[in-house]
Amino acid sequence: MYCRCLEGMDMNFRQFAYRNVIRKKRTYAAHFLSSAFSVMAFFIYAVLLYHPDLQGQLKSSSQTASYLAKMGLTVSQYFIFIFSFLFLLYSTGAFLKSRKKEFGILLVLGMTERQRMKLTFAENMLIGVASIGCGIGVGLLFTKLMLLVSARLLMLEEGLRFYLPLQAVWMTAGAFALLFLVVSILTIRVGRQTSVLELIKGDEKPKPEPKASVWLSLLAVVLIAAGYGMVFFFVNYSAFFLWLLGLAVGCVVLGTYFLFTQLNVYVLRTLKRRKSLLFRGINLMSFTDMAYRVKDNAVMFFMVATVMAAAFSGIGACLSVGDPGRTERNYPYAFTYWYASEHGERADAAITRIDESLRGKGYSFGKSKLDLIYAGNSKYNLVSLTQFNELAAIRGLGPRELASDEILIASGVVSRNSSKHNDEAVMQAAAEALKVHGQGELRLKERVSDAVIAQTDDVVVLPDEKLELLRQEGAAAASAMYYAVPEWQETLELARELQAGLSADFAEVGQFSALAIEHYEERQLNGILLIISVLVGAVFFTFAASFIYFRLYADVERDEKQLGMTSKLGLSPKELARLVTRQLTVMFFLPFLLGMAHSAVAFINMANLTNTSMLNNGLIIYGAFFGIQLLYFLLIRWRYLSRMRRKLA
């Protein structure tokens, strides 16, 4: 037979494998493109990891940023590699199972089992080599663009020159060559123990009706609800235990699995029992086919929903951290200079230098001094109402008034971002400091969150006369000068000059901090996270789209037969389009919607935790990914309908 003639003729056999791949190029397309995209992402990470300018500039500005960049890029490479392995193993194995009929015919024609395994190995390696070459090639084309984007996100003043480390090329090629080799070896045994008759029949034997357990369906709802509840408890009750967060994520993931494998099937079976709904229009065909399709693709739906939820949440978190408005809301003062009261004269010289530097650069600014008193064992600083009002005035806030037995609590950054406040503890500390037990109780007038003074704990605001009593008793004090600069984001260069000069000339006097420097460091850390999360998210989204594409074209011949039989019963072209649209809508948007739901819960809790709005970032992310998903859906629907109509014509 002709297959036996291929023995000893490696070139002809390779040509046969090549033509097999070309003949099924539509089915292999998503597999190839996803593999190439993952290779490209891995290669870009490798270029950034080995780029000398990136590591050098990050290290000069922040050791933390340099360490996070190196670790983050390395972990992302491992993450992409492992997920690529799982994706290729799943998709290749499932694709080979869909070709059982083809393998059966080849075996009948004389191909040996050894040759069949050699053929599948050659096909997989051919796609692998092409993916590696294409991925690295496209990565080279986009390297300069990626370096420009990375330099902007990381706020690198010197930029990133074009640089091609050969180590990145060899590392990428070697890693994915090994990956494709292992996947090819593991998948060539698909169908080996199956008889030729079973291979030829393929998927023609009828499938049993999908079944679902009502208890597992309820368990899916309970697990997801419990996971959501634990996340809300973690954030809103400040129960910051990693095991609790891990348990919440585990419950949601397991609940998602049971939702797709059990609950969806159970819901469809329940709907089928409603005769008035079942026999309306094409609902009978829709519900029946959808039950099989949901059951067959449950694992794929589960993976896609989980991956999308992780991608949405990661990108949303990074966008939120990089918001300059969030930095200013946390601590609104452009410059702050703290010093102990005994260094007052030398501190005045340092403050004069800050004033002159701001005027020299042409910045308008407001400043206010605050004397922070701490008495006894209290960990909360105490300040006078007059100085508190002066500080509020430089930010355009109105004054407060206090009776002789009233106090204010100015929230620190930590307590303001938390939903729980221990006002009783603050009141008790203030009372002990003033030693007013038996002389009347202090009353809390209000907690102020818009006039932050300290970056950590709360600050107690007292009437002037009560604070003066503490001064007379010799309570320890420190002072701070606060500066409000409207254009604080533009003061980075000046802030660095002041930080270096004050550290050199007034090292033992006080401590200088600048909002622009803190925001710059946050932006660098956030830029690293954003680069990592967006690329990994894009890889995941591509894999998710490839899963859907692959499943559609793996089942296309079965769908053609089913629709061919139903068309003989009078299915019109319009009804065909409606039927296909329903099927594709479920496959494309059911996992997407669940991924949105999971990430929406994450966004709500991020907003509560950081005291910032995630609405705009969430809408941007959902809108962008939904737009891509919708375009992909319309393209696949058009091609799928075109093929069905040609077959049924």
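The values are calculated or read from the model by the stated rules, or taken from the named source; none is laboratory data. What you see is a predicted model; the values in this text were computed from it and never measured. All Cβ positions, glycine included, derive from the backbone under ideal geometry; neighbour counts span all protein chains shown.
Residues in segment 130-140 that are among the aliphatic types (A, V, I, L, M) and closer than 26 Å to Y163 by Cβ: I132, I136, V138, L140. Tell me whether segment 469-490 contains one or more residues that are within 26 Å of P332 (Cα to Cα), part of a helix (DSSP H, G or I) and modelled with pLDDT of 85 or more. Checked against the condition, which is being within 26 Å of P332 (Cα to Cα), part of a helix (DSSP H, G or I) and modelled with pLDDT of 85 or more, segment 469-490 yields at least one hit. The residues of segment 457-468 that are part of a helix (DSSP H, G or I) and surrounded by 17 or more Cβ atoms within 10 Å (Cβ to Cβ), listed by number, are K466, L467.
Looking across segment 392-425 at every residue that is acidic (D, E) and either farther than 13 Å from E446 by Cβ or at pLDDT below 80 (or both), the one that is surrounded by the most Cβ atoms within 10 Å (Cβ to Cβ) is identified as D405. Only residues that are surrounded by fewer than 20 Cβ atoms within 10 Å (Cβ to Cβ), modelled with pLDDT of 70 or more and under 30 Å from L515 (Cα atoms) were counted in segment 430-456, giving 3. Against the list (1) aromatic (F, W, Y); (2) modelled with pLDDT under 90; (3) within 30 Å of F543 (Cβ to Cβ), the condition Y339 fails is (3). Is one or more of the residues making up segment 461-471 closer than 20 Å to T336 by Cα and either among the charged types (D, E, K, R) or in the same structural domain as G344 (by TED's automatic domain parsing) (or both)? Among the residues of segment 461-471, at least one is closer than 20 Å to T336 by Cα and either among the charged types (D, E, K, R) or in the same structural domain as G344 (by TED's automatic domain parsing) (or both), which makes the answer yes. If you go through segment 538-552 and keep only what is under 11 Å from the mean Cα position of the chain (by Cα) and either on the phi > 0 side of the Ramachandran plot or surrounded by 23 or more Cβ atoms within 10 Å (Cβ to Cβ) (or both), you end up with just F540.
Take the residues in segment 500-516 that are assigned to a helix (DSSP H, G or I) and more than 35 Å from the chain's Cα centre (by Cα), then tell me which one is surrounded by the fewest Cβ atoms within 10 Å (Cβ to Cβ). Out of the qualifying residues, it is A504.
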